[in-house]
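After the structure tokens below, expect a handful of questions from me.
The values are calculated or read from the model by the stated rules, or taken from the named source; none is laboratory data. Because the structure is predicted, anything quoted here is derived from the model rather than measured. Cβ sites come from the backbone with ideal geometry, for glycine too, and all protein chains shown count toward neighbours.
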Amino acid sequence: VKGALSDLAAALLGAWFVAIFLMQVPATRGAIMRYVKHDRVGLLPGWMFFSGTVGDTDVQVLFRDRNQEGRVGMWREAFPIGRKRLTDVWGPERRIEKAHIDLVRRLMPWELRAEGVRPLPKRTVLSWHYLMILNYVSQLSGEPAATERQFAIVRTGGLQPPRRPDILLVSPFHQLQSGA
Amino acid sequence: MKLETGIRYGALIASAGLTWSALELLTARNLLLSRFFDWRVIRYSYPPRLRRMLAPLGRPGFSLVLVLYPVAGVAFPFALLQSRLLAAGFAALVLVGHFSAQLRFGIARDGADQMQTILWVGFLVYALDLGRTSNVAAAVFVVSQLILAYVIAGTSKIASARWRDGSALAVYMGGRAFSTPAISRLFQRRHVSAVVGVRVMAWETLGALVLLGGRTGVITFLAMGAAFHVGIAFTLGLVTFMFAFLAAYPVVYALLG
């Protein structure tokens, strides 16, 4: 029995290897991706590091407040990203930076290919990706008398010479529970 | 080096990566667990039935999981000296904790997390000691994934126009997310971006061929790979990748060296 289990374990590892291999091949990736949508623990990795668009620009979340008189404040960075020195390798916030990229890709993959801001579909506003950003942004301290908050997702050139950021998404104003 | 020794050293390096990752999360748990990755929102990414099953991930005690599974990882190589079954138990604990963390965050999984899964499944199958076939298959699986990761990363870069024209690293190093101002300035020099880019593509695509050169080839491969990952850890700040990929190196040496 142990011998059979040994063979079975080896066969399962072999099958898993084949599935991962097929995930890397453009012709078979589509079929595998149908399963990957439900792969929440990352059993089928994509090994194409730094060959696509992920990581080639910075994605930042900005927010601004509006008070009862309708006065709108300045845009602020929701989460400052980046390293300053080569030795800055300790990075708990790196997961948030990666989350920004993932959230943007899942929220609105079309914006990554098209210019300009589109009206947000209801499905997007009700998605957990959108709510996750809204929930985080709503907890940040902002204008003292703010009653509403809006956020935007922008793509910037990072450390390159400053250029106009691409606006990927601008949310409507959302009511704050109790002035931030 | 015996296969078991390779697995033990590999597990130690992998555990260092898990510990690093867990400490990062724990030191910023208020920001990460309570504010950004707020379970009250993330749970809605799961269907209702699964949501109920995963409810414990949202409890404050979840931080304990982040402490326990790297500890199980560190215990694995020592347990392997005493009892394969005990070691298998620790490897299973690591996988349960690792998968729980992935489910808890919902997104932001990276290649280091995925390589850790590959490693610990391999270590688990080896520790179960079902027979020689599965023991060797576990090591072959880990090593083949390592090589596949390099070859795919390399060939997909070759297929990319910006990597071929030498501008890719200037672009990636120009972002604030990975780079630093000094590194960014360095890679804005066209020849630096192009020369380093060609070397990265060559190493990733063809580096594994060095393994055909016997023991010397294996040592050369491991030395080049170690330099590559340490370089990435500092230039891109991807320390967890360094641990996850270097953890497969002792297994490579044990299997092929």
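When both residues are 6+ apart or on different chains and their Cβ atoms are under 9 Å apart, which pairs have a first residue that lies in the range B:126-141 and is at positive phi and facing another protein chain (nearest Cβ under 7 Å), and a second that is of a type in the set (G, A, S) and surrounded by 19 or more Cβ atoms within 10 Å (Cβ to Cβ)?
Correct list of pairs: B:G131/A:S6; B:G131/A:A9; B:G131/A:A10.
B:A149: within 7 Å of chain A (Cβ to nearest Cβ), aliphatic (A, V, I, L, M) and in a loop (DSSP other than H, G, I, E, B), yes or no?
Answer is no for this residue.
Out of B:L57, B:L81, report the one residue that is among the aliphatic types (A, V, I, L, M) and either modelled with pLDDT under 90 or out of contact with any Lys or Arg (no Cβ under 6 Å at 6 or more places or on another chain) (or both).
Only one candidate qualifies: B:L81.
Is there a residue in the range B:174-194 that is touching an Asp or Glu at 6+ places or on another chain (Cβ under 6 Å), surrounded by 15 or more Cβ atoms within 10 Å (Cβ to Cβ), more than 22 Å from B:A11 (Cα to Cα) and not hydrophobic (A, V, I, L, M, F, W, C)?
yes
Restricting attention to the range B:1-28, which residues are surrounded by fewer than 17 Cβ atoms within 10 Å (Cβ to Cβ) and within 9 Å of chain A (Cβ to nearest Cβ)?
Scanning the range B:1-28 gives B:L23, B:L26, B:T27.
When A:F63 is evaluated against the numbered criteria (1) over 30 Å from B:V121 (Cα atoms); (2) within 11 Å of chain B (Cβ to nearest Cβ); (3) of a type in the set (F, W, Y), which criterion, by number, is the only one it fails?
(2)
Applying the selection to the range B:126-150, what residues are in contact with a helix residue (DSSP H, G or I) (Cβ under 6 Å, 6 or more places away or on another chain), under 19 Å from B:L256 (Cβ atoms) and of a type in the set (A, V, I, L, M)?
The answer is B:A137, B:A138, B:A139, B:V142, B:V143, B:I147.
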